[in-house]
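Quick note: the coordinates plus some simple rules give every number you see, no bench work behind them. In this text the structure is predicted, and so the values were computed from the model without any measurement. Note that we place each Cβ from the backbone using ideal geometry, even for glycine, and neighbour counts take in every protein chain shown.
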Amino acid sequence: MRPEERVAAIEARLRAALAPLELEVQDESHRHRGHAGAADGRGHFAVRLVSEAFRGQRPLARHRLVYAALGSLMETDIHALAIRAFAPGEGEPLD
């Protein structure tokens, strides 16, 4: 899968599962070229999302929801994922 297709797939799965009010997905793979973990072709990504699904959830539970939403992409297309997950009214605004 091409990088832009990976970003679109990540966005689609997160939107379908968590109905985020705000969503930002960044491909940071270029920062990890030559990294041993990047040798298999999977990418490094950062996501920031705001969703009602996170209300009342601790950070670990929020991350588990994101991983569950991404499903098989975690095995086939994503090597590393930085997650910033907030309930409405929490966190920093999008840039």
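Computed about its Cα centre, the charge dipole of segment 3-86 is approximately 380 debye, with only Lys, Arg, Asp and Glu carrying charge at their Cβ. Working from label points 7 Å from Cα in the Cα-to-Cβ sense, the A82 to A12 distance is 2.6 nm. Neighbours of A69 by Cβ distance under 12 Å: Lys/Arg scored +1, Asp/Glu scored -1, total +3. For segment 3-86, count all C-alpha to C-alpha pairs, find those more than 17 Å apart, and express that count as a whole percent of the total. So the pairs more than 17 Å apart make up 42 percent of the total in segment 3-86.
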